[in-house]
1. Tell me which residues, restricted to the stretch 22-40, are among the charged types (D, E, K, R) and either open to solvent by 70 Å² or more (accessible area, probe 1.4 Å) or in contact (Cβ under 8 Å) with a residue 60 or more places away in the chain (or both).
2. I'm checking my understanding of the structure. Among residues of the stretch 38-58 that are hydrophobic (A, V, I, L, M, F, W, C) and out of contact with any Leu (no Cβ under 6 Å at 6 or more places or on another chain), which one is nearest to Leu78 (Cα to Cα)?
3. What number of residues within the stretch 105-118 satisfy the criterion of being open to solvent by less than 40 Å² (accessible area, probe 1.4 Å) and within 20 Å of Pro41 (Cα to Cα)?
4. Within the stretch 90-138, considering only strands (runs of 3 or more DSSP E) that don't extend past its boundaries, which have at least 3 residues that are in contact (Cβ under 8 Å) with a residue 60 or more places away in the chain, aromatic (Phe, Trp, Tyr) and closer than 17 Å to Leu73 by Cβ?
5. If I ask for residues that are part of a loop (DSSP other than H, G, I, E, B) and either loosely packed, with under 13 Cβ neighbours inside 10 Å or not hydrophobic (A, V, I, L, M, F, W, C) (or both), which ones from the stretch 79-89 would you list?
6. Counting only residues that are of a type in the set (Asp, Glu) and over 17 Å from the mean Cα position of the chain (by Cα), which one in the stretch 1-41 is modelled with the lowest pLDDT?
7. Output the residues belonging to the stretch 49-65 that are among the basic types (Lys, Arg) and modelled with pLDDT of 90 or more.
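The values are calculated or read from the model by the stated rules, or taken from the named source; none is laboratory data. What you see is a predicted model, and the numbers here were worked out from it, not measured in a lab. When we count neighbours, we look across all protein chains shown, and the Cβ atoms used for this are built from the backbone with ideal geometry, even at glycine. For accessibility, only protein heavy atoms count, side chains too; no ligands or nucleic acids. Shrake-Rupley method; radii C 1.70, N 1.55, O 1.52, S 1.80 Å.
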Amino acid sequence: MTAVARPPLLGIRHVALFAADLDVAEAFWVGVMGYAVEWRPDPDNLYLCAGNDNLALHRKPAAAGFSPTEQRLDHIGLAVARPEQVDAWAAHLAAHGITVDAAPRTHRDGSRSLYFRAPDGAPQGPLVQIIYHRPLSE
């Protein structure tokens with residue numbers, strides 16, 4: 001296996017949460033916590049920002065429901081400074097035998113990301129996104 005240099009990270013600046021009621025979640029995060037609406041791509045997704053943070057709220061399908069103890073975290077996002085670093089991370093992860101679940105791609109808003117499951121000893125580890133997102137990354 002050829003060693004691949006680990007690309008730099010800016011840190012955890014993106015968290016995505018499932019919301020049973022997107023309107024209630026938006027009212028809290030905007031009205032109480034002071035986040036601003038960055039982007040509303042569709043009725044089921046809302047992106048908020050505050051400082052260097054980006055918070056995504058995703059409507060959970062009503063049929064799925066929530067149990068009182070269910071995890072509402074969708075994924076964490078690790079920010080990188082440049083779009084090409086997402087691809088460098090794909091190579092780095094592959095060199096370490098980590099399967100990339102969603103290959104690097106450019107999103108509608110110009111951000112670029114990939115997704116993988118972080119090994120934690122369970123059958124399916126937490127979902128992690130490596131993301132270039134201009135408001136977070138620059």
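1. Asp23, Glu38, Arg40, listed by residue number.
2. Filtering the stretch 38-58 for residues hydrophobic (A, V, I, L, M, F, W, C) gives 39, 46, 48-50, 55-57.
Add one more test, that the residue is out of contact with any Leu (no Cβ under 6 Å at 6 or more places or on another chain), and what stays is 39, 49-50, 56.
Values: Trp39: 19, Cys49: 15, Ala50: 16, Ala56: 13 Å.
Checking each candidate, the answer is Ala56.
3. At the first step, the residues of the stretch 105-118 found to be open to solvent by less than 40 Å² (accessible area, probe 1.4 Å) are 107, 111, 113-114, 116, 118.
In the following step, the residues that additionally are within 20 Å of Pro41 (Cα to Cα) were identified as 107, 111, 113-114.
So the answer is 4.
4. On the way: elements: 100-106, 112-117, 127-132.
Fully inside the stretch 90-138 and qualifying: nothing.
5. Filtering the stretch 79-89 down to residues part of a loop (DSSP other than H, G, I, E, B) leaves 80-82.
Across the stretch 79-89, the qualifying residue is only Arg82.
6. To start, the set of residues in the stretch 1-41 that are of a type in the set (Asp, Glu) comprises 21, 23, 26, 38.
Imposing the further condition that a residue be over 17 Å from the mean Cα position of the chain (by Cα) reduces the set to 21, 23, 26.
Values: Asp21: 82, Asp23: 88, Glu26: 90.
Restricting to residues being of a type in the set (Asp, Glu) and over 17 Å from the mean Cα position of the chain (by Cα), the top hit is Asp21.
7. So the first thing to find is which residues in the stretch 49-65 are among the basic types (Lys, Arg), and the list is 59-60.
Answer for the stretch 49-65, where residues must be among the basic types (Lys, Arg) and modelled with pLDDT of 90 or more: there is none.
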